[in-house]
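Trainee: My questions will all concern the structure given below.
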Amino acid sequence: MTRILVTGGAGYIGSTATAILCDRGYEVVVFDDLSTGHSDSVDARATLAIGSLLDPDALRSAAAGCQAVIHFAGKSLVGESVEKPDLYRHVNIDGSQNLLDAMKIHGIDRLVFSSSAATYGQPLDNPITEESVATPTNPYGASKLSVDNLIAASGISAISLRYFNVAGSHQGSNGWLSERHDPETHLIPNVLKSSVENPLKIFGTDWETKDGTCIRDYVHVVDLIEAHILALKNLTPHQHQIINLGSGSGYSVREVISAAEKVLGRTVPAVESPRREGDPATLVASIKKAKSILNWQPERNLEAMISDTAKSQVR
């Protein structure tokens, strides 16, 4: 049985990965400091090792006996990264170097890394390909790009998966595994939480798009994890590859609201607000490489993402 170290395995995406890996018969060790993750999200079949990326001894202990690593752990809020760039460099970059060092000690040479579309910044390409110039516009994106580069220089067999917008939920053995961010910055959970007293803010309605609102690419978290498992199976020895993950098409803010109204059977309260500085009009992934290398494509549509998220919020 393959034993996999899942860093950040108590978070939204990491706990979903853990549950699905356990379903597939993998032995999973979750490594998480629980600063933003939740121990009750960790599948009971997995082993939970509580520790920080900044603690080399804890990493070495957790990695013992593992044959591969899926690396989700790290700081991930763009706004916070602007306020605390040193923290993001320290945790994301130095912490990932500690992980690579622990892997080297144990002879582990298989890694799938949770990278980000934030590495691209505001690209001119539409859709965005893996060859698009990576010019991050915030410390979070810059830290992810730095880790991509560290992995490439390490010489191990690795794939960096650059996500666009992850949504949806998965019903695991512990119940629904959903987004539990504080603060919640993602559109779909905020659409579902919108009320007359606290309506959703639509940031800009005069963009050069089909309905004037921003267009983003969304992928269901279960489809995302399928890509991670396929990536583990399709690593090229001693090579690092970068692969985008998204739907390959985009949805505008108004389209997300409309789909949510269809799922919920009610109106979603929303107010028009000024544009946010730095927001691009359109961000859509090219997923040709994921299709060709991983034989992967998403199966769940926007309504499934919204429906699963809505079910997960009923507690």
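Trainee: Candidates (i) 26, 23, 18; (ii) 50, 30, 18; (iii) 31, 22, 18; which is the computed semi-axes √(5λ) of the Cα gyration tensor in Å?
Mentor: (iii)
Trainee: So what's the net charge close to residue 81: Lys and Arg +1, Asp and Glu -1, counting the other residues with Cβ under 14 Å from its Cβ?
Mentor: Summing Lys/Arg as +1 and Asp/Glu as -1 gives +1.
Trainee: Tell me, in nm to one decimal, what length is gained between residue 275 and residue 124 on full extension, where the rule is 0.36 nm per residue of separation less the Cα-Cα distance?
Mentor: The span from residue 275 to residue 124 would gain 52.4 nm if fully extended.
Trainee: So how strong a dipole does the chain carry about its Cα centre when Lys and Arg Cβ are +1 and Asp and Glu Cβ are -1, to the nearest 20 debye?
Mentor: That gives a dipole near 520 debye.
Trainee: Could you work out [θ]222 nm for the chain from helices alone, using -39500 (n - 2.57) per DSSP H run of at least four and dividing by all its residues? Round to the nearest 500 deg cm²/dmol.
Mentor: Mean residue ellipticity, 222 nm, calculated: -10000 deg cm²/dmol.
Trainee: 7 Å from Cα along Cα→Cβ at both residue 61 and residue 87: what's the point-to-point distance in nm?
Mentor: Rounded to a tenth, the inter-label distance reads 2.6 nm.
Trainee: Using Cβ counts within 10 Å as a stand-in for footprinting exposure, how do 272, 226, 197 rank, fewest first?
Mentor: Taking fewest neighbouring Cβ atoms as first place, the list is 197, 272, 226.
Trainee: Follow-up. Give me 233, 291 sorted ascending by neighbouring Cβ count inside 10 Å, so fewest comes first.
Mentor: If I rank by nearby Cβ atoms, fewest first, I get 233, 291.
Trainee: In addition: Based on other C-beta atoms within 10 Å, arrange 176, 207, 296 from fewest to most.
Mentor: Ordered from fewest to most neighbouring Cβ atoms within 10 Å, 176, 207, 296 come out as 176, 207, 296.
Trainee: So if we plug the beta-carbon distance of residue 291 and residue 180 into 1/(1 + (r/R0)^6) with R0 = 30 Å, what FRET efficiency do we get, rounded to 0.05?
Mentor: 0.45
Trainee: Pairs 233/288; 288/311; 144/233; 201/291: which exceed 28 Å Cα-Cα?
Mentor: 288/311; 201/291
Trainee: Can you check what the net charge comes to around residue 160, using other residues whose Cβ is under 12 Å from the Cβ of residue 160 (Lys, Arg +1; Asp, Glu -1)?
Mentor: Every neighbour counted, the sum reads +1.
Trainee: Tell me the net charge near residue 243. Cut-off is 11 Å between Cβ atoms, residue 243 excluded, with +1 for each Lys or Arg and -1 for each Asp or Glu.
Mentor: Taking every Cβ under 11 Å from that of residue 243, the sum is +3.
Throughout, read-outs are computed from the coordinates displayed, never taken from laboratory work. Just so you know, these numbers come straight off a predicted model, no measurement behind them. All Cβ positions, glycine included, derive from the backbone under ideal geometry; neighbour counts span all protein chains shown.
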